[in-house]
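Quick notes on the structure that follows.
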Amino acid sequence: MKAKFLAGAAALALLSGTASAQDLKFPIGEGAFNWDSYKAFDEKYNLDGQKITVLGPWLSVDQALFESVIAYFEAATGADVEYIGAEGFEQQVVIDAEAGSPPDVAVFPQPGLMRGMAAKGQVLPMAPEIVQWTKDNYAAGQSWVDLVTFPGTDGAANTFGFFYKVDVKSLVWYVPENFEDAGYEVPTTMEELKALTDQIVADGGTPWCIGLGSGGATGWPATDWVEDMMLRTTTPENYDKWVSNELKFNDPIVVNAIDQFGAFAKNDAYVSGGAGSVASTDFRDSPKGLFASPPQCYMHRQASFIPSFFPEGTVIGEDADFFYFPAFAEQDLGQPVLGAGTTMGLMKESEAGRAFIDFLTTPIAHEVWMNQTGFLTPHKGVNTDLYGDPTLKKMGDILLNATTFRFDGSDLMPGGVGAGVFWTGMVDYVGGKSAQEVADSIQATWDSLQ
């Protein structure tokens, strides 16, 4: 992975220098990739002899995929990149920073840790042109900038990260054959989704499978529902204030979002097994009702990873499919998307480190991973036909159509809340407590953490 080679502008068709075809996953100049972006980057940088380290959470398959992207940076610049995958990344990056030996670039799994390290001066601000590029070239660009804009050591806000590789959570899964047999159409607004829910009940069916069980983490799937409902019933600004507790957890806005979830989860007629089964059903088992004959449910709201728990041999796009968890037509809140993602942070000042971030703005740096597996991007300049499979392309289209993107809120809250009383509170809620009672209790815990 440390081969040093240089592909000059005149060599795009030939792969010149010391590189050979097997060094790169896709030969330069071949296929529908944006090789012009590679050429322009190649002409911009000569970093012969420079070396950077990148520390990240990606191991095994993801590490190999990321290294296949890094190879193009090395080919264009002559720089040498060492990627180090750490199973305990969150601990390792802090240890390295405190010891004064941080990597040049770190791949943060979520912005919370980066925020804390930026406040200590351990992460460097992004160049202004990178920030502007993100606003202009990522769908919902301002959202991506906002997610990694925090106070620095002087208290002044600055943008410290660049998102690369993201995930989508605002999805509803269904079996197309079941919809076809019943004459149902995919809803495009929340009003249509609620009407479809009622129609399925009227036809003698059960609309939803919902399961919150997850061992010691039981309750977390409900937090995703509430976060999606927050984005569909109030402004992105209020969502951000909620995550930081400037908007209290027991504010009527939040209580309403919880009850929007409850309108689905606490109705016996709406949920397979009845509302009483929601908390006790394991989230990994909950989608199985989609595949029963006759169907035990018609819809299941869950993130992009859930097909891992579908019956073996399920073909996405045929046996099962998904649609965007829609927004309310009556609200003027656009097309919000809830998700997660990794963000690149600079931890040492270097020409090659800055160039590496610049490289990640090029379409080619996205298309190489896109054309393989497990990668989604909000980059508006990529060729979406290069996605490795139709499922990823469809998820990518949801990202590109987003007007607002927000990170999983519970992941950004203090651990005792986001990975504690928010989870248990949702179990109490589906078990019979009111949204106000639960919200008051969660806020009381948050106050105790101040």
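Suppose R0 equals 35 Å. What FRET efficiency, 1/(1 + (r/R0)^6) with r the Cβ-Cβ distance, do SER60 and ASP385 give to the nearest 0.05?
The formula returns an efficiency of 0.80 here.
Charges on Cβ only, +1 for Lys and Arg, -1 for Asp and Glu, centred on the Cα centroid of the chain; of SER244, PHE422, MET370, which one is farthest towards the dipole's positive end?
SER244
Angle between the Cα long axis of helix 252-265 and the longest principal axis of the chain, 0 to 90 degrees, nearest 10?
70
Considering amide H positions built from the backbone, and no H for Pro or chain starts, which residues 5 or more places from MET299, or on another chain, come under 5 Å of its amide H?
Those lying under 5 Å, H to H, from MET299 are TRP208, CYS209.
Stretched out fully, how many nm does the piece from GLN142 to ASN401 gain, at 0.36 nm a residue minus the Cα gap?
Net length gain for the segment: 91.8 nm.
For the stretch 208-366, what class follows from the C-alpha gyration tensor (a ≥ b ≥ c being the square roots of its eigenvalues): rounded when a/c is under 1.5, otherwise prolate if a/b is larger than b/c, else oblate?
Verdict is oblate for the stretch 208-366.
Nearest 10 degrees, 0 to 90: what angle lies between the long axis of helix 128-137 and the longest principal axis of the chain (Cα atoms)?
So the inclination is approximately 50 degrees.
Can you pull out the GluC sites (Glu not before Pro) in the stretch 348-381 whose DSSP state is coil and whose Cβ has at most 14 other Cβ atoms within 10 Å?
Answer in residue order: GLU349.
Give the separation of the Cα centroids, the stretch 378-394 to the stretch 171-239, in Å.
Cα centroid to Cα centroid, the span is 25 Å.
Between the alpha-carbon centers of the stretch 307-321 and the stretch 58-93, tell me the distance in whole angstrom.
Using only Cα atoms to place each centre, the spacing works out to 31 Å.
Between THR235 and LEU333, what length in nm is gained on full extension when 0.36 nm per residue of separation is reduced by their alpha carbon distance?
Extending this stretch completely gives an extra 34.6 nm.
Name the shape class, rounded, prolate or oblate, that the alpha-carbon gyration tensor gives for the stretch 321-412, where a ≥ b ≥ c are the square roots of its eigenvalues, rounded holds for a/c under 1.5, and otherwise prolate holds if a/b is larger than b/c and oblate otherwise.
In terms of gyration-tensor shape, oblate.
Add +1 for every Lys or Arg and -1 for every Asp or Glu among the other residues with Cβ under 13 Å from the Cβ of GLY100, and state the total.
So the environment of GLY100 carries a net charge of 0.
Show me, for the stretch 302-314, the HN-Hα J-couplings you get by feeding each phi into the Karplus relation (A = 6.51, B = -1.76, C = 1.60, θ = phi - 60°), rounded to Hz, glycine and proline as x.
Those phi angles translate into 6, 6, 5, 7, 4, x, 4, 10, 7, x, 4, x, 5 Hz.
Please list, in chain and number order, the residues 5+ apart from SER170 or on another chain whose amide H is under 5 Å from its amide H, with Hs placed from the backbone.
LEU338
As I understand it, the value is the acute angle between the Cα axis of helix 190-202 and the longest principal axis of the Cα atoms of the chain; what does it come to in degrees, rounded to 10?
For helix 190-202, the angle is close to 40 degrees.
At a probe radius of 1.4 Å, what is the per-residue accessible area of ARG284, in Å² to the nearest 10?
Its accessible surface works out to 90 Å², give or take rounding.
The values are calculated or read from the model by the stated rules, or taken from the named source; none is laboratory data. The structure presented is a predicted model; accordingly, all values stated were derived computationally and were not measured. Positions of Cβ are backbone-derived with ideal geometry, glycine not excepted, and every protein chain shown enters the neighbour counts. Keep in mind that these areas ignore ligands, DNA and RNA; they rest on the heavy atoms of the full protein, side chains included. Shrake-Rupley method; radii C 1.70, N 1.55, O 1.52, S 1.80 Å.
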